[in-house]
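Asks: Pasting a structure below so you can have a look.
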Amino acid sequence: MPAVVTERPYRPVPTDPPRKRWTRQECEAFEASGLWDQQKLELVDGELINKMGKNRPHSNALVFIHGWLIRVFGEEYVNQEVPIDVAPEDNPTNEPQPDLIVLTRPSWDFPKNNPQPGDLRLVVEISDSTLGFDLTKKAGLYARAGIVEYWVLDVEARRLVVHRDPQNGLYRSVTVYGAKESVAPLASPGREFRVGDAFPGSRGPSTTVL
């Protein structure tokens, strides 16, 4: 007969089923086999993240920021959704593909290898359903790599979260810019990006330092 359980388990039990942790070496083997053709995946902390299925506000914001970065830095310095290397200790289980990166050298200087952290002037993620992930997991990953500036465009709240000054695995400066405000990237201090331009008709709060 069925038994009624009235006590907690005598030992801790996992709340999630075990998951396969991937390495870059394993992912490269699968890619070479063609099994992942037509899929857009990135490796973060040993897990494969699906980058498919962007909604229209996300896509519109991506198109706008991509165009703005090209106007400021030049087409040959701006890449969309390409893999990058991070800190040496993180590289075996991480190969993130930011929505946008700005390089210190032209794209053709990287015929085979990923850009290194020192090759990156700016990394940008466009965030809606991935906001928490981008502000925590990816921020830590990029800070440990010493990436000098990291932007997270929060689509839902219509704001931009700017991370700077990476030290000891953390960004010491994190500032939130509302839709009516502007910020200039460190690599081009004379060119200001107006946050609201990515969200036509939006209104945002004042600047907040976190």
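Asks: For Arg158, work out the one condition from (1) closer than 23 Å to Gln97 by Cβ; (2) in contact (Cβ under 8 Å) with a residue 40 or more places away in the chain it doesn't fulfil.
Replies: (1)
Asks: Something else now. Are any residues in the stretch 89-110 open to solvent by 70 Å² or more (accessible area, probe 1.4 Å), assigned to a loop (DSSP other than H, G, I, E, B) and under 27 Å from Val63 (Cβ atoms), and if so, which ones?
Replies: Scanning the stretch 89-110 gives a single hit, Arg105.
Asks: Just name the residue that is least open to solvent (accessible area, probe 1.4 Å) out of those in the stretch 111-125 that are among the charged types (D, E, K, R) and touching a strand residue (DSSP E or B) at 6+ places or on another chain (Cβ under 9 Å).
Replies: Looking only at the stretch 111-125, we keep the residues that are among the charged types (D, E, K, R), and these are 112, 119, 121, 125.
Restricting the remaining residues to those that are touching a strand residue (DSSP E or B) at 6+ places or on another chain (Cβ under 9 Å) gives 119, 121, 125.
Details: Asp119: 20, Arg121: 60, Glu125: 3 Å².
Among those that are among the charged types (D, E, K, R) and touching a strand residue (DSSP E or B) at 6+ places or on another chain (Cβ under 9 Å), it is Glu125.
Asks: Next up: Among the numbered criteria (1) surrounded by 14 or more Cβ atoms within 10 Å (Cβ to Cβ); (2) part of a loop (DSSP other than H, G, I, E, B); (3) at pLDDT 95 or above, which single criterion is violated by Leu153?
Replies: (2)
Asks: Return a yes/no flag: does the stretch 94-107 have any residue that is closer than 14 Å to Tyr171 by Cβ, touching a residue at least 60 places away in the same chain (Cβ under 8 Å) and not polar (S, T, N, Q). Walk me through it before giving the result.
Replies: Looking only at the stretch 94-107, we keep the residues that are closer than 14 Å to Tyr171 by Cβ, and these are none.
Among the residues of the stretch 94-107, not one is closer than 14 Å to Tyr171 by Cβ, touching a residue at least 60 places away in the same chain (Cβ under 8 Å) and not polar (S, T, N, Q), which makes the answer no.
Asks: With the condition kept exactly as written, say whether any residue in the stretch 43-57 is hydrophobic (A, V, I, L, M, F, W, C), in a helix (DSSP H, G or I), open to solvent by 40 Å² or more (accessible area, probe 1.4 Å) and at pLDDT 55 or above. Write out each step before concluding.
Replies: Applying the first criterion (hydrophobic (A, V, I, L, M, F, W, C)) to the stretch 43-57 yields 43-44, 48-49, 52.
If we keep only those that are in a helix (DSSP H, G or I) too, we end up with none.
Within the stretch 43-57, not a single residue is hydrophobic (A, V, I, L, M, F, W, C), in a helix (DSSP H, G or I), open to solvent by 40 Å² or more (accessible area, probe 1.4 Å) and at pLDDT 55 or above.
Asks: Given the conditions (1) assigned to a strand (DSSP E or B); (2) farther than 23 Å from Asn114 by Cα; (3) touching a residue at least 12 places away in the same chain (Cβ under 8 Å), and given that Gly196 satisfies all but one, which numbered condition is not satisfied?
Replies: Condition (1) is where Gly196 drops out.
Asks: Hey, another quick one. Taking the options Val195, Val174, Val183, name whichever one is open to solvent by less than 40 Å² (accessible area, probe 1.4 Å), on the phi < 0 side of the Ramachandran plot and under 17 Å from the mean Cα position of the chain (by Cα). I'd like the intermediate steps shown before the answer.
Replies: Values: Val195 fails: under 17 Å from the mean Cα position of the chain (by Cα); Val183 fails: under 17 Å from the mean Cα position of the chain (by Cα).
Step by step, each of Val195, Val174, Val183 is checked, and only Val174 is open to solvent by less than 40 Å² (accessible area, probe 1.4 Å), on the phi < 0 side of the Ramachandran plot and under 17 Å from the mean Cα position of the chain (by Cα).
Asks: Is it the case that the stretch 126-143 has a residue that's open to solvent by 10 Å² or more (accessible area, probe 1.4 Å), free of Cβ contacts under 8 Å to residues at least 12 places away in the same chain, assigned to a helix (DSSP H, G or I) and polar (S, T, N, Q)?
Replies: Within the stretch 126-143 (the criterion being open to solvent by 10 Å² or more (accessible area, probe 1.4 Å), free of Cβ contacts under 8 Å to residues at least 12 places away in the same chain, assigned to a helix (DSSP H, G or I) and polar (S, T, N, Q)), the answer is yes, since at least one residue qualifies.
Asks: For Ala32, which of the numbered conditions (1) at pLDDT 75 or above; (2) open to solvent by 70 Å² or more (accessible area, probe 1.4 Å) fails to hold?
Replies: Unmet for Ala32, out of (1) at pLDDT 75 or above; (2) open to solvent by 70 Å² or more (accessible area, probe 1.4 Å): (1).
The values are calculated or read from the model by the stated rules, or taken from the named source; none is laboratory data. These numbers come from a predicted model, not from an experiment. As a convention, Cβ positions derive from the backbone with ideal geometry for all residues, glycine included, and neighbour counts pool all protein chains shown. Quick note on the areas: whole protein, heavy atoms, side chains included, nothing else; ligands and nucleic acids left out. Shrake-Rupley method; radii C 1.70, N 1.55, O 1.52, S 1.80 Å.
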